[in-house]
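A quick write-up on the structure given underneath.
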Amino acid sequence: MRLFAIGDTHLPSTRNKDMHRFGWTDHPLPLQRAWDEKVRAEDVIIVAGDISWATRPTEVMEDLKWLDERPGRKLLVRGNHDYWWGDSASKLRRLLEPFKTLENFLQNTAVVMGPWLIAGSRLWTAPEAPPMPGGEMGDEPGDAAYVEREARRLATSIEDALKKEKESATPLTRVVAVHFPPLYANEKATAFSAPIEAFKPKVCVYGHLHSTGIPAGFTGERAGVRYVLASCDAAKFSPVLLDEQ
């Protein structure tokens, strides 16, 4: 069984918002081809936020159907553009119910999928972020209240992960899945990197960064954690292999 991730699918929704103006030619067809070729039905794939341009649940159904039709068991993470997501876990669960491969999502929780114990939250732009491109596909401005809130949500998810780990009859591999970068190329510790590194996951995957902003994210190993950027354009429109067991 293998664990993959892809972030920032930015599916068009019923708003028909395409990605051509960002240079994503024929999106999502290149991603669809790579996904269908690479991922098997038994594999797990993390969809690391900015899933759809939908702004409400009625607009996202075709995008969820598109995800459901791709091979693999999916875990969804909320991104800053996922306005359709809402704040009610029970409503989101009902929304996803018809789509059998959209098995789980992170919302102040952790989940076990196969041999992986996955924790995480959306996060936000940390004060330690270097200057990055703005605009519709650029970085969100810093907001201390958002950072504090997301740090609490991340802590709650990690606490739930530790509880689930104790209850598990078999060993589990720790993974963190978020949307915003928890650590930047300058390697300045953030409110997010510290708890992640204390949790000691095997890998932390994130998205959010595009185009000239891609180098701003830290990738590689630090404090025993492998940081992976899996936004669509950073990943060359192909799911990224995170682990295999």
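Do you know which residues across the range 81-108 are buried (at least 18 other Cβ atoms within 10 Å of the Cβ) and in contact (Cβ under 8 Å) with a residue 24 or more places away in the chain?
His81, Asp82, Trp84, Leu95, Leu96, Leu102, Asn104, Phe105, Leu106, Gln107
Scanning the range 1-59 for residues that are closer than 14 Å to Ser238 by Cβ, part of a loop (DSSP other than H, G, I, E, B) and small (Gly, Ala, Ser) yields a total of 0.
Here is a yes/no grid of residues against (1) in contact (Cβ under 8 Å) with a residue 24 or more places away in the chain; (2) surrounded by fewer than 17 Cβ atoms within 10 Å (Cβ to Cβ); (3) more than 27 Å from Asp18 (Cα to Cα):
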position: Ala151; (1), (2), (3): yes, no, yes
position: Val175; (1), (2), (3): yes, no, yes
position: Phe180; (1), (2), (3): yes, no, no
position: Cys204; (1), (2), (3): yes, no, yes
position: Arg222; (1), (2), (3): yes, yes, yes
position: Arg226; (1), (2), (3): yes, yes, yes
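Looking at Ser211, Ser168, which one is of a type in the set (Ser, Thr, Tyr) and under 18 Å from the mean Cα position of the chain (by Cα)?
Only one candidate qualifies: Ser211.
Under the condition of being under 20 Å from Leu75 (Cα atoms) and either under 18 Å from the mean Cα position of the chain (by Cα) or among the basic types (Lys, Arg) (or both), the residues counted in the range 115-159 number 16.
Residues in the range 86-99 that are in a loop (DSSP other than H, G, I, E, B) and at negative phi: Asp87, Ser88, Glu97, Pro98, Phe99. Cβ separations smaller than 9 Å between residues 6+ apart or across chains give the following pairs from the range 47-76 residues that are on the phi > 0 side of the Ramachandran plot and buried (at least 24 other Cβ atoms within 10 Å of the Cβ) to residues that are part of a helix (DSSP H, G or I) and not polar (S, T, N, Q): Gly72/Trp35. All conditions but one from (1) free of Cβ contacts under 8 Å to residues at least 40 places away in the same chain; (2) among the small types (Gly, Ala, Ser); (3) buried (at least 20 other Cβ atoms within 10 Å of the Cβ) apply to Ser231; the one that does not is (1).
Within the range 182-202, restricting attention to residues that are of a type in the set (A, V, I, L, M) and surrounded by 16 or more Cβ atoms within 10 Å (Cβ to Cβ), the residue that is nearest to Thr156 (Cα to Cα) is Ile196.
Read-outs: derived from the displayed coordinates by stated rules, not from any lab. This is a predicted model, so every value here is computed, not measured. Ideal geometry is used to build each Cβ from the backbone, glycine not excepted, and the neighbour counts take in all protein chains shown.
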